[in-house]
Amino acid sequence: MHAKRDSLPSSILASIRSRKKRLDPAYTEARPRSAGTLIASYNVHKCVGTDRRFDPERTSRVIHEIGADVIALQEADTRFGERTGILDLGRLERETGLIPVPVAGMAKAHGWHGNVVLFKKGLVHDVHQVKLPGLEPRGALVAEIELEEGGVLRIIAAHFGLLRHSRAQQARTLVDLINDRHEMPTILLGDLNEWRLGDRSSLNTFQSAFGELPPAIPSFPAGLPLLALDRIIANRRGIISEVEAHDTPLARIASDHLPIKALVDLKPAGG
């Protein structure tokens, strides 16, 4: 007779059990921010919330809440045609200090295939737009950012497809990209659309470039997150910490995904 197993991975069960504590305003307000560069990823769902309202102002308020130094957004443009940007980036810069990484050839869009990277302080040395294989129009934005606190960080902001075969192809494309370029601290973040964990996950492809993947943090659906569709992964052990969902009343309604965030500290890698 086989022992009964939990139907959900232990990391997800732990997240559900601790959610009541995380939603306590006193718990959130009492936590001071640790030192380091705060990075985040947020699928804004074209600014349509779980209440089916199109509300870019509400989306901007969630971004303001997060307080990230670098943030990758997915679905920040309309899906087809000229992929017109949805957010008021000028106002967002005035209120948060976040400015978009420049993308060539995008007259009206915020980013590349709906991906946009925003950062507060630093210098952008290199930007690449990567069209990912698969049946759906998917892409990744690669930017090398010299951080104000020191060190250069490569950001790969991606949005993977809904089909497992496409996700495996897309992961391989990014691994090949990393292997072809000179070594530097690299963070892959975005909506990778993979709900499978363990051996069946298409994200196992990343282990050759990133090593063992960090624990899965549930971020979808926003109202009761069970699936870790959104990820933050580093190619060097110890440079990211405190990976968690940004779980607030506003975030739970502004999109069908919760943002996820983490701290980056390049000192261990350079030390």
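How much accessible area per residue does the range 210-271 have, in Å², with a 1.4 Å probe?
Result: 39 Å² per residue.
Starting from the Cα gyration tensor of the range 36-264, multiply each eigenvalue by 5, take the square root, and state the resulting semi-axes largest first in whole Å.
Output for the range 36-264: semi-axes of 23, 20, 18 Å.
Keeping all protein chains in position, work out how much accessible area Arg61 exposes to a 1.4 Å probe, and write it in Å² to the nearest 10.
About 110 Å², ignoring ligands and nucleic acids.
So how do Asp126, Asp247 rank on accessible area, 1.4 Å probe, biggest first, that is with the largest at the start?
The most accessible residue leads, giving Asp126, Asp247.
May I ask you to give the percent of accessible area on the range 216-271 that is carbon plus sulfur, with a probe radius of 1.4 Å?
59
Given a 1.4 Å probe and the protein chains all in place, what does the accessible area of His125 round to, in Å² to the nearest 10?
We get 110 Å² for His125.
Going through the range 160-244, which GluC sites (Glu not before Pro) have at most 16 other Cβ atoms within 10 Å and a DSSP loop state?
The qualifying sites are Glu183, Glu212.
How high is the relative contact order of the range 36-264, in percent, with contacts defined as C-alpha pairs under 8 Å that are six or more residues apart?
For the range 36-264, the relative contact order is 21 percent.
Heavy atoms only, 1.4 Å probe, whole protein assembly: order Ser202, Ser208 by accessible area, highest first.
Ser208, Ser202
If you scale each eigenvalue of the Cα gyration tensor by 5 and take the root, what three semi-axes come out for the range 171-260, rounded to whole angstrom and sorted largest first?
Taking √(5λ) for each eigenvalue gives 25, 14, 11 Å, largest first.
The values are calculated or read from the model by the stated rules, or taken from the named source; none is laboratory data. Given the structure is predicted, the values throughout are model-derived calculations rather than measurements. Virtual Cβ from ideal backbone geometry, glycine too; neighbours counted across all protein chains shown. Protein only, heavy atoms only, side chains kept; ligands, DNA and RNA dropped before computing areas. Shrake-Rupley method; radii C 1.70, N 1.55, O 1.52, S 1.80 Å.
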